[in-house]
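Colleague: Have a look at this one before I ask anything.
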Amino acid sequence: MKKLIIAIFMLIGTISMVSAELGVKVGVSAQLGELEAKGTEKSTDTARGSASKTAKGLFAAGTYFIEKDLSFLPGPFGRLSVGYDNIAHDLNLGSATNVRKSDLTSKAQGQLGVNETHTNEVRASIDGFETIYATLNITDWLYVKAGNVTVDVTTKEKLEAGGSYDNVSLDGSVVAIGYHNQFDSGLFLRVEYNDLNIDGATLNNKGTDTKRSVTLGDVSGNTTKISIGKAF
């Protein structure tokens, strides 16, 4: 996907070289908002059952982006731009711990029941948060945006029952509305409101405890982004 994106930008850049300006914008952003998600741990073993938790948390990140306008296209299509945005650092999603008791009763051997305590811990981080998007300039200062989001989640587990969970890539979408102010020097300032919705996924334990799975529901929320950059 990244190679395809780079190729598209190179093609667009070649076409637009006939103009005095490249029509390329680069910049950095800081964004802050709140995201909500629901996670469920489930086991087909009825003795273990399932547990769910819904959490809200602040989302803060720094990103960089590059855009190419399509001003060489006719009519209203000339108000479009395409862009690529990526978070410039990993995001720590924190950790979750639960304690379960297992009944070691052996009725066949006539032993007394013994409860053993098992502690399970899962840590997760985001090491890739990419957005491919298109913007439409409503006016010289007002624009709307829509794009596709890809999130790479890495998990690290310590499971007493053994096994582990695979890393996962999640897909989603973003829509936004923003204010753009560009100066004669080419420097510009943006303020943008984003609405995010990222699809969830279910992961099965791939080790000894194959009856267990975890499900992350859809992640949704809103962020406000402030950007500075340079137009060429």
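Colleague: Counting just the residues of segment 60-79 that are buried (at least 16 other Cβ atoms within 10 Å of the Cβ) and either aliphatic (A, V, I, L, M) or not in a helix (DSSP H, G or I) (or both), which one comes out modelled with the lowest pLDDT?
Modeller: Only one residue fits best here, namely ALA61.
Colleague: Further, regarding this structure: Which of the residues belonging to segment 166-186 are within 15 Å of LYS25 (Cα to Cα), touching a strand residue (DSSP E or B) at 6+ places or on another chain (Cβ under 6 Å) and of a type in the set (A, V, I, L, M, F, W, C)?
Modeller: Passing the criteria: none in range.
Colleague: Only one residue in THR215, THR202, THR155, THR224 is more than 16 Å from VAL28 (Cα to Cα), assigned to a strand (DSSP E or B) and at pLDDT 75 or above, so which one is that? Before you say what the answer is, go through the steps one by one.
Modeller: Working: THR215 fails: at pLDDT 75 or above; THR155 fails: at pLDDT 75 or above; THR224 fails: more than 16 Å from VAL28 (Cα to Cα).
Just one listed residue meets the conditions, THR202.
The values are calculated or read from the model by the stated rules, or taken from the named source; none is laboratory data. For clarity, every value in this text was computed on a predicted model and none was experimentally measured. Cβ: placed from backbone, ideal geometry, glycine included. Neighbour counts: every protein chain shown.
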